[in-house]
Amino acid sequence: MLPNYSQRKLAVYANLGRLLVCLAWILQVLNVSWRSIQPNRSLQVLIVFTLLALSLVLLALVLKQTAWDRRDNLLLDLNAVFTIYAGILLLLPQALDAAALASPSGRAGLICTVAGLMLAYVPPQEVHVFHMSRRNSPLVQRLLINQGRILVGLGIVGQLLGARTG
């Protein structure tokens, strides 16, 4: 979903996401309170984010063994979305607490984010489209990627709205 893949960009997103999770742990342990940064992250959320960071590292190791041509793009997109959610965890932890996730906008946000990530990697041959464009696989792939971007954006907005209602 992110244009112009590079190994450096992947490393930046991966390391930034991990750094944000480490920073969230430090701020929680030290009980830091400053503007919107409040020490009200639950232990469960911090553990889930730590496990997600570790699973991204393991997924990268597993996918490096495959010959799939879009594996690097998938890793880049997963790390970018993880970094965004880690930033939300750091700056607006109310968006990821149990009350926000129980709200309709919080649940819709998570569903849209996951669906957007999955939609961007659907093979274009498996999509039922108009008869004219069925032969135009790159057009269908661009359409799926754009729809995935929109869904991920809506998911993030929904998650932020969950903080207001939660």
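Throughout, read-outs are computed from the coordinates displayed, never taken from laboratory work. Just so you know, these numbers come straight off a predicted model, no measurement behind them. Backbone-built Cβ (ideal geometry, glycine too); neighbour counts: all protein chains shown.
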Can you pull the one-decimal nm distance between simple spin-label points at ARG35 and ASN146, each 7 Å off the Cα toward Cβ? 3.6
Find which of PRO123, VAL157, SER33 sits farthest along the positive direction of the dipole of the chain, computed with +1 on the beta-carbon of Lys and Arg, -1 on that of Asp and Glu, about the Cα centre. PRO123
Using the Cα centre of the stretch 2-104 as the reference point, and only Cβ charges (+1 on K/R, -1 on D/E), how large is the resulting charge dipole? Debye, rounded to the nearest 20. 200
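Which helices pass in the chain if a helix is a full DSSP H run, must span at least 27 angstrom along its long axis by Cα, and must have mean Kyte-Doolittle hydropathy not below 0.0?
Those that pass (Cα extent of 27 Å or more, hydropathy at least 0.0) are 7-29, 43-63, 71-91, 137-165.
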Labelled set (1) 1.08; (2) 1.14; (3) 1.00; Cα Rg over 2.2 N^0.38 Å computed from this model equals the value at (2)
Protection-proxy order for peptides 49-62, 152-165, each taking the mean of Cβ atoms within 10 Å per residue, highest first: 152-165, 49-62
Going highest first, how would you order 40-46, 76-82 by mean Cβ packing within 10 Å? 76-82, 40-46
So ILE111 and SER55, fully extended at 0.36 nm per residue minus their Cα-Cα distance, gain in nm 18.2 nm
